[in-house]
Each structure stands twice: as structure tokens, then as C-alpha cells.
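S.K.: Got a structure for you, written out below as C-alpha cells; questions coming shortly.
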Amino acid sequence: MRTQWLARGGSAELTLVFGGWGLGSAPFEELTGAPDVLFVDDYRQIDTGLPETAQYDHVRLLAYSFGVASALHWLAGSGLHTERRVAVNGTPHPADRTRGIAPEMVAATADGLSPASFAGFCRRAGHPGAPPDIDIPAAQAELRAIAARGPGPEIPFDRIWISERDRIVPRPAQEAAWAAQSGTIRHIPTPHQPFRPGQSWEEWFA
């Protein structure tokens, strides 16, 4: 896994963010109101520790897209206690025909990945601006690793956000995946990438 500090202000509370595939930290860089934010992505391997979390008395987690299943796997292995967990446009079943993205779609995305196809992915996701830089072989390997790892362990989330215009992880698949936690679901009228500059972290943890 790869880590990046988005904010570091000496708070006793850490906002730990497991990002999605390909988009990097850009969706989260202009969210406001959290003094300490640690961003994590690159899920080719998830058996590494996050020593950055050790100094905090309180940790809350936001997991986005394929970061949801990856965070679940990592939490089960790390034993880190998180006081609040939020999932955004992802499920515990990353490569699943009815509860995630169809496995053949994940495989085809990896096999055919190119700068042009990645730009198309960013447009479908609703990512504003130019596509982030991408390492094609690393991104292919990451998709294959996520699919091979399979469903994440059953750890409940306190809030689940589902975008009504998600063209990456279909809304019905998300709803099916979270049926047992339907009381925590909130729908939002956005594309797959719902984060916008100036939003508060507290909006997502509400």
C-alpha cells in the first residue's frame, strides 16, 4: 500500500482514507475540517502495517470504491480499532456480478488498460479535470489483485453512501451488497466520484 498525508496538524484524531482505484488522492485534497488526514491506495499488497496510525487516540475510516473491500481486508489483518467507518460507492464484493462490478468487466478493464481507456473511466466516474497520472502495469496488477483477493470480511459500517448516478459500481449492486445494513444507507444525486472542493469531512462522517 502507498500512503500520503493530506493534512497533518497534531490532532488526537486521525481521518484514515482508503481511496479508489486509479484516481489517487485528488478527490480528497480539497475537503476541509480534518486536521490530520492519511490517504492510502495501491492495493496490490495489503499486508503492510500503517505505523502512522499508532500515535492517534482516535481513528475514523472513510473507504471509497475499491478501497471499501481493501480496507475490510486490511482492518481484519491489522486489528486497528476505528471509531466510525464510512463507505462511499463501494462494496465488500469488488468483483461480483450482483454485488459489485462484474468479474469480466474488471478483467477486461485490466487487460485493455491504456491512457485512452483510463481517460474514459475517469469521465464515466465523473472525475473533474484531466485524468490523474497512471502507471499502466501497476494499475493492471492492482485490479487483478483486488479481484483475486475476493470479498472483504464482514465488518459493519456506520454510514454507507450510494450515488444515484454511479456508472462504475451500479447502484442496484451496491444496494444488494449492503442489504443487511440498509438502515445506514444514504443516497446522493452524484456520479461515482462524489467529492467536491470545499466539502467538509464532517458531511461524509455524518
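The values are calculated or read from the model by the stated rules, or taken from the named source; none is laboratory data. What you are looking at is a predicted structure, and each value in this text was computed from that prediction instead of being measured. Cβ placement follows ideal geometry from the backbone for every residue including glycine, while neighbour counts extend to all protein chains displayed. All accessible areas refer to the heavy atoms of the entire protein, side chains included, with ligands and DNA or RNA removed. Shrake-Rupley method; radii C 1.70, N 1.55, O 1.52, S 1.80 Å.
S.K.: Here are some conditions: (1) over 25 Å from residue 124 (Cα atoms); (2) in contact with a helix residue (DSSP H, G or I) (Cβ under 6 Å, 6 or more places away or on another chain); (3) open to solvent by less than 40 Å² (accessible area, probe 1.4 Å). Residue 184 meets all but one. Which one does it not meet?
M.R.: Of (1) over 25 Å from residue 124 (Cα atoms); (2) in contact with a helix residue (DSSP H, G or I) (Cβ under 6 Å, 6 or more places away or on another chain); (3) open to solvent by less than 40 Å² (accessible area, probe 1.4 Å), only one is false for residue 184: (2).
S.K.: Could you tell me which residue of the stretch 146-166 is least open to solvent (accessible area, probe 1.4 Å), considering only residues that are over 21 Å from residue 205 (Cβ atoms) and part of a loop (DSSP other than H, G, I, E, B)? Explain how you work it out, then say what you get.
M.R.: Of all residues in the stretch 146-166, those over 21 Å from residue 205 (Cβ atoms) come to 146-151, 153-154, 165.
From the residues that got through so far, the ones that are part of a loop (DSSP other than H, G, I, E, B) too are 150-151, 153-154, 165.
On the way: 150: 16, 151: 77, 153: 44, 154: 187, 165: 137 Å².
Result: 150.
S.K.: Looking only at the stretch 23-45, count every residue that is part of a loop (DSSP other than H, G, I, E, B) and in contact with a strand residue (DSSP E or B) (Cβ under 9 Å, 6 or more places away or on another chain) and tell me the total. Let's see the steps before the verdict.
M.R.: Step one: filter the stretch 23-45 for residues part of a loop (DSSP other than H, G, I, E, B), giving 23-25, 29-31, 33-36, 42-45.
The next check asks that each one be in contact with a strand residue (DSSP E or B) (Cβ under 9 Å, 6 or more places away or on another chain); those that pass are 23-25, 29, 31, 33-36, 42-43.
Total meeting the criteria: 11.
S.K.: Given the conditions (1) farther than 30 Å from residue 13 by Cβ; (2) outside any helix (DSSP H, G or I); (3) out of contact with any helix residue (DSSP H, G or I) (no Cβ under 8 Å at 6 or more places or on another chain), which single one is not true for residue 97?
M.R.: With (1) farther than 30 Å from residue 13 by Cβ; (2) outside any helix (DSSP H, G or I); (3) out of contact with any helix residue (DSSP H, G or I) (no Cβ under 8 Å at 6 or more places or on another chain) applied to residue 97, the lone miss is (3).
S.K.: Of all residues being part of a loop (DSSP other than H, G, I, E, B) and more than 22 Å from residue 204 (Cα to Cα) in the stretch 120-145, which is least open to solvent (accessible area, probe 1.4 Å)? Just the residue, please. Working first, answer last.
M.R.: Taking the stretch 120-145 as the starting set, the residues that turn out to be part of a loop (DSSP other than H, G, I, E, B) are 126-135.
Imposing the further condition that a residue be more than 22 Å from residue 204 (Cα to Cα) reduces the set to 129-135.
Values: 129: 68, 130: 80, 131: 58, 132: 32, 133: 154, 134: 49, 135: 95 Å².
Looking at residues that are part of a loop (DSSP other than H, G, I, E, B) and more than 22 Å from residue 204 (Cα to Cα), I get 132.
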